[in-house]
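Single-structure report; data block below.
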Amino acid sequence: MAFFNTAGPMNFKKHYYIQPLERFDLIEIEQLIEDEKYFILHAPRQTGKTSCLLSLMKHLNSSCKYKCLYINVEAAQSARENVYRGMNAILYEMSDRALYHLNDNDLGDICHNMLKHRSEDIVLNSSILRWCQKNRLPVVLLIDEIDSLIGDTLISVLRQLRSGYDKRPGTFPQSIILCGVRDVRDYRIFSEREKSIITGGSAFNIKAESLRLGNFTKQEIKKLYEFHINYG
(Lines give C-alpha, C1' and ligand atoms only; values in the text may rest on other atoms or scores of the structure.)
Protein backbone atom coordinates (compact mmCIF):
# COMPACT_ATOMS: atom_id res chain seq x y z
CA MET A 1 0.00 0.00 0.00
CA ALA A 2 1.32 3.45 -0.94
CA PHE A 3 1.93 6.18 1.64
CA PHE A 4 2.99 9.83 1.86
CA ASN A 5 6.75 10.27 2.01
CA THR A 6 8.49 13.04 3.99
CA ALA A 7 11.98 11.56 4.29
CA GLY A 8 14.43 11.04 1.46
CA PRO A 9 13.97 10.60 -2.29
CA MET A 10 10.73 9.38 -3.83
CA ASN A 11 10.09 5.68 -4.34
CA PHE A 12 7.53 5.53 -7.12
CA LYS A 13 6.41 2.03 -6.16
CA LYS A 14 5.70 2.91 -2.53
CA HIS A 15 4.88 6.62 -2.30
CA TYR A 16 2.16 8.97 -3.44
CA TYR A 17 3.94 11.40 -5.73
CA ILE A 18 3.86 14.16 -8.29
CA GLN A 19 6.11 13.60 -11.28
CA PRO A 20 9.33 15.36 -10.17
CA LEU A 21 10.04 16.81 -13.61
CA GLU A 22 6.74 18.70 -13.40
CA ARG A 23 7.93 20.59 -10.31
CA PHE A 24 10.30 22.88 -12.17
CA ASP A 25 10.60 24.42 -15.62
CA LEU A 26 12.16 21.51 -17.50
CA ILE A 27 12.34 23.47 -20.76
CA GLU A 28 14.36 26.22 -19.06
CA ILE A 29 16.73 23.70 -17.48
CA GLU A 30 17.23 21.84 -20.76
CA GLN A 31 18.01 25.14 -22.48
CA LEU A 32 20.57 26.10 -19.83
CA ILE A 33 22.23 22.70 -20.27
CA GLU A 34 22.22 23.00 -24.06
CA ASP A 35 23.75 26.48 -23.70
CA GLU A 36 26.59 24.98 -21.59
CA LYS A 37 25.66 26.91 -18.44
CA TYR A 38 26.62 26.19 -14.84
CA PHE A 39 23.76 27.09 -12.51
CA ILE A 40 22.15 26.71 -9.10
CA LEU A 41 18.99 24.94 -7.99
CA HIS A 42 18.09 25.74 -4.39
CA ALA A 43 15.07 25.01 -2.24
CA PRO A 44 13.95 24.50 1.36
CA ARG A 45 14.36 21.04 2.85
CA GLN A 46 11.74 18.37 2.19
CA THR A 47 10.61 19.97 -1.07
CA GLY A 48 11.83 17.19 -3.36
CA LYS A 49 15.21 18.48 -4.60
CA THR A 50 16.87 15.07 -4.65
CA SER A 51 13.90 13.36 -6.32
CA CYS A 52 13.92 16.06 -8.99
CA LEU A 53 17.65 15.69 -9.63
CA LEU A 54 17.48 11.90 -9.84
CA SER A 55 14.59 12.14 -12.30
CA LEU A 56 16.48 14.76 -14.31
CA MET A 57 19.49 12.43 -14.52
CA LYS A 58 17.32 9.61 -15.89
CA HIS A 59 15.63 11.98 -18.32
CA LEU A 60 18.89 13.36 -19.70
CA ASN A 61 20.50 9.93 -20.00
CA SER A 62 17.46 8.56 -21.82
CA SER A 63 17.77 11.37 -24.38
CA CYS A 64 21.13 9.90 -25.52
CA LYS A 65 22.44 13.48 -25.88
CA TYR A 66 24.35 13.58 -22.59
CA LYS A 67 26.00 11.43 -19.98
CA CYS A 68 24.54 12.70 -16.73
CA LEU A 69 25.67 11.78 -13.21
CA TYR A 70 24.04 12.69 -9.90
CA ILE A 71 26.23 12.80 -6.77
CA ASN A 72 25.55 13.76 -3.15
CA VAL A 73 28.52 15.33 -1.37
CA GLU A 74 27.04 15.35 2.14
CA ALA A 75 29.41 12.59 3.29
CA ALA A 76 32.26 15.09 3.00
CA GLN A 77 30.67 17.36 5.61
CA SER A 78 32.41 15.55 8.44
CA ALA A 79 35.79 16.41 6.87
CA ARG A 80 35.06 20.05 7.72
CA GLU A 81 38.26 22.05 6.98
CA ASN A 82 40.28 18.95 6.02
CA VAL A 83 40.30 19.30 2.24
CA TYR A 84 42.18 16.03 1.70
CA ARG A 85 39.53 14.01 3.57
CA GLY A 86 36.75 15.92 1.87
CA MET A 87 38.08 15.22 -1.62
CA ASN A 88 38.50 11.55 -0.79
CA ALA A 89 34.86 11.33 0.26
CA ILE A 90 33.64 13.18 -2.84
CA LEU A 91 35.70 11.14 -5.31
CA TYR A 92 34.59 7.84 -3.79
CA GLU A 93 31.00 9.08 -3.93
CA MET A 94 31.46 9.91 -7.62
CA SER A 95 33.00 6.49 -8.29
CA ASP A 96 30.21 4.60 -6.54
CA ARG A 97 27.44 6.64 -8.16
CA ALA A 98 28.91 6.20 -11.65
CA LEU A 99 28.98 2.44 -11.13
CA TYR A 100 25.48 2.33 -9.59
CA HIS A 101 23.64 4.70 -11.93
CA LEU A 102 25.63 4.32 -15.16
CA ASN A 103 27.35 0.95 -14.86
CA ASP A 104 30.53 2.94 -15.46
CA ASN A 105 33.74 1.77 -13.83
CA ASP A 106 35.99 4.20 -15.72
CA LEU A 107 35.39 7.02 -13.26
CA GLY A 108 36.32 4.78 -10.34
CA ASP A 109 39.62 3.84 -11.95
CA ILE A 110 40.34 7.49 -12.74
CA CYS A 111 39.54 8.71 -9.23
CA HIS A 112 41.64 6.02 -7.55
CA ASN A 113 44.58 6.91 -9.79
CA MET A 114 44.20 10.65 -9.28
CA LEU A 115 44.06 10.25 -5.49
CA LYS A 116 47.51 8.66 -5.69
CA HIS A 117 49.08 11.27 -7.94
CA ARG A 118 47.31 14.61 -7.42
CA SER A 119 47.05 16.96 -4.47
CA GLU A 120 43.70 17.66 -2.87
CA ASP A 121 43.67 21.13 -4.45
CA ILE A 122 43.43 19.74 -8.01
CA VAL A 123 42.32 16.11 -7.68
CA LEU A 124 38.60 16.77 -8.27
CA ASN A 125 39.30 18.89 -11.34
CA SER A 126 41.73 16.32 -12.77
CA SER A 127 39.38 13.39 -12.18
CA ILE A 128 36.42 15.10 -13.84
CA LEU A 129 38.58 16.24 -16.77
CA ARG A 130 39.87 12.76 -17.53
CA TRP A 131 36.42 11.22 -17.23
CA CYS A 132 35.01 13.75 -19.68
CA GLN A 133 37.83 12.98 -22.10
CA LYS A 134 36.86 9.30 -22.08
CA ASN A 135 33.17 9.93 -22.77
CA ARG A 136 31.69 10.15 -26.24
CA LEU A 137 28.78 12.29 -25.01
CA PRO A 138 28.97 15.65 -23.20
CA VAL A 139 28.87 15.22 -19.43
CA VAL A 140 26.29 16.85 -17.15
CA LEU A 141 27.08 16.76 -13.42
CA LEU A 142 24.41 17.21 -10.74
CA ILE A 143 25.90 17.96 -7.31
CA ASP A 144 23.46 17.69 -4.41
CA GLU A 145 23.88 19.04 -0.85
CA ILE A 146 26.67 21.36 -1.95
CA ASP A 147 26.08 23.70 0.99
CA SER A 148 26.61 20.88 3.49
CA LEU A 149 30.35 21.30 2.88
CA ILE A 150 32.31 23.45 5.29
CA GLY A 151 35.06 26.05 5.00
CA ASP A 152 38.06 25.25 2.85
CA THR A 153 36.52 22.01 1.58
CA LEU A 154 33.62 23.93 0.05
CA ILE A 155 35.92 26.65 -1.28
CA SER A 156 38.17 24.05 -2.90
CA VAL A 157 35.25 22.29 -4.61
CA LEU A 158 33.86 25.55 -5.99
CA ARG A 159 37.26 26.73 -7.21
CA GLN A 160 38.17 23.41 -8.82
CA LEU A 161 34.87 23.38 -10.70
CA ARG A 162 35.38 27.00 -11.72
CA SER A 163 38.92 26.35 -12.95
CA GLY A 164 37.67 23.76 -15.45
CA TYR A 165 34.93 25.99 -16.88
CA ASP A 166 36.89 27.09 -19.94
CA LYS A 167 37.54 23.44 -20.89
CA ARG A 168 33.86 22.57 -21.35
CA PRO A 169 32.30 20.70 -23.07
CA GLY A 170 35.11 18.59 -24.52
CA THR A 171 37.16 17.96 -21.38
CA PHE A 172 34.90 19.26 -18.61
CA PRO A 173 31.16 18.98 -17.98
CA GLN A 174 28.99 20.82 -20.47
CA SER A 175 26.78 21.81 -17.57
CA ILE A 176 26.94 21.55 -13.77
CA ILE A 177 23.99 22.05 -11.43
CA LEU A 178 24.80 22.81 -7.80
CA CYS A 179 21.88 22.01 -5.52
CA GLY A 180 21.38 23.00 -1.90
CA VAL A 181 19.18 24.86 0.52
CA ARG A 182 20.73 28.26 -0.24
CA ASP A 183 21.86 30.16 -3.29
CA VAL A 184 25.64 30.07 -3.68
CA ARG A 185 25.77 33.87 -3.73
CA ASP A 186 24.59 33.83 -0.10
CA TYR A 187 27.48 31.66 1.13
CA ARG A 188 29.88 33.38 3.51
CA ILE A 189 32.63 30.83 4.04
CA PHE A 190 35.46 31.23 6.52
CA SER A 191 38.72 29.99 5.03
CA GLU A 192 41.09 28.68 7.68
CA ARG A 193 43.91 28.77 5.15
CA GLU A 194 43.34 32.37 4.10
CA LYS A 195 42.06 33.56 7.48
CA SER A 196 39.28 35.46 5.76
CA ILE A 197 35.68 35.27 4.66
CA ILE A 198 35.15 34.08 1.08
CA THR A 199 31.77 34.67 -0.52
CA GLY A 200 30.22 31.93 -2.61
CA GLY A 201 29.67 34.39 -5.43
CA SER A 202 33.38 35.06 -5.74
CA ALA A 203 34.40 31.40 -5.44
CA PHE A 204 31.89 30.35 -8.11
CA ASN A 205 31.41 33.43 -10.26
CA ILE A 206 30.59 31.40 -13.39
CA LYS A 207 27.00 30.62 -12.46
CA ALA A 208 24.48 31.73 -15.06
CA GLU A 209 21.23 31.36 -13.11
CA SER A 210 19.83 30.61 -9.67
CA LEU A 211 16.63 28.61 -9.93
CA ARG A 212 14.39 27.95 -6.96
CA LEU A 213 12.24 24.90 -6.34
CA GLY A 214 9.43 26.16 -4.15
CA ASN A 215 7.23 24.57 -1.53
CA PHE A 216 4.35 22.44 -2.76
CA THR A 217 1.62 24.57 -4.28
CA LYS A 218 -2.06 24.20 -3.48
CA GLN A 219 -2.57 22.48 -6.85
CA GLU A 220 0.28 20.04 -6.20
CA ILE A 221 -1.12 19.16 -2.76
CA LYS A 222 -4.50 18.58 -4.43
CA LYS A 223 -2.84 16.17 -6.89
CA LEU A 224 -1.22 14.25 -4.03
CA TYR A 225 -4.53 13.82 -2.22
CA GLU A 226 -6.23 12.75 -5.46
CA PHE A 227 -3.46 10.14 -5.87
CA HIS A 228 -4.21 8.96 -2.34
CA ILE A 229 -7.96 8.80 -2.94
CA ASN A 230 -7.72 7.06 -6.31
CA TYR A 231 -4.95 4.56 -5.51
CA GLY A 232 -4.85 4.35 -1.72
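The values are calculated or read from the model by the stated rules, or taken from the named source; none is laboratory data. Just so it is clear, the structure is predicted and the values come from calculations on it, not from any experiment. Every residue, glycine among them, receives a Cβ derived from its backbone with ideal geometry; neighbour counts consider all protein chains shown.
Scanning the stretch 43-56 for residues that are surrounded by 20 or more Cβ atoms within 10 Å (Cβ to Cβ) and not charged (D, E, K, R) returns ALA43, GLY48, SER51, CYS52, LEU53, SER55, LEU56.
Meeting the requirement of 1 or more residues that are in contact with a strand residue (DSSP E or B) (Cβ under 7 Å, 6 or more places away or on another chain) and over 26 Å from ASP186 (Cβ atoms), the helices (runs of 4 or more DSSP H) wholly within the stretch 39-126 are 49-62, 83-102. Within the stretch 133-159, the set of residues being within 26 Å of LYS58 (Cβ to Cβ), part of a helix (DSSP H, G or I) and touching an Asp or Glu at 6+ places or on another chain (Cβ under 6 Å) comprises LYS134, SER148. For the stretch 111-133, indicate whether the set of residues that are among the β-branched types (Val, Ile, Thr) and touching a residue at least 60 places away in the same chain (Cβ under 8 Å) is non-empty. No, there is no match, as no residue in the stretch 111-133 is among the β-branched types (Val, Ile, Thr) and touching a residue at least 60 places away in the same chain (Cβ under 8 Å). Considering ARG162, ARG182, ARG193, the condition of being under 15 Å from the mean Cα position of the chain (by Cα), surrounded by fewer than 21 Cβ atoms within 10 Å (Cβ to Cβ), assigned to a loop (DSSP other than H, G, I, E, B) and not acidic (Asp, Glu) is satisfied by ARG182 alone.
One line per residue, one yes/no per condition, for (1) modelled with pLDDT of 70 or more; (2) part of a helix (DSSP H, G or I); (3) among the polar types (S, T, N, Q); (4) buried (at least 17 other Cβ atoms within 10 Å of the Cβ):
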| site | (1), (2), (3), (4) |
| --- | --- |
| GLY170 | yes, no, no, no |
| ILE176 | yes, no, no, yes |
| ILE197 | yes, no, no, no |
| LYS222 | no, yes, no, no |
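Keeping to the stretch 83-111, report how many residues are of a type in the set (Asp, Glu) and within 15 Å of the chain's Cα centre (by Cα). So the answer is 2. Residues in the stretch 136-158 that are surrounded by fewer than 19 Cβ atoms within 10 Å (Cβ to Cβ) and more than 14 Å from ALA76 (Cβ to Cβ): ARG136, LEU137. Restricting the stretch 1-38 to residues that are modelled with pLDDT of 80 or more and touching a strand residue (DSSP E or B) at 6+ places or on another chain (Cβ under 7 Å), the residue that is surrounded by the fewest Cβ atoms within 10 Å (Cβ to Cβ) is GLU36. Evaluated against (1) closer than 18 Å to LEU158 by Cα; (2) surrounded by fewer than 16 Cβ atoms within 10 Å (Cβ to Cβ); (3) out of contact with any Lys or Arg (no Cβ under 9 Å at 6 or more places or on another chain), VAL73 falls short on exactly one condition, (2).
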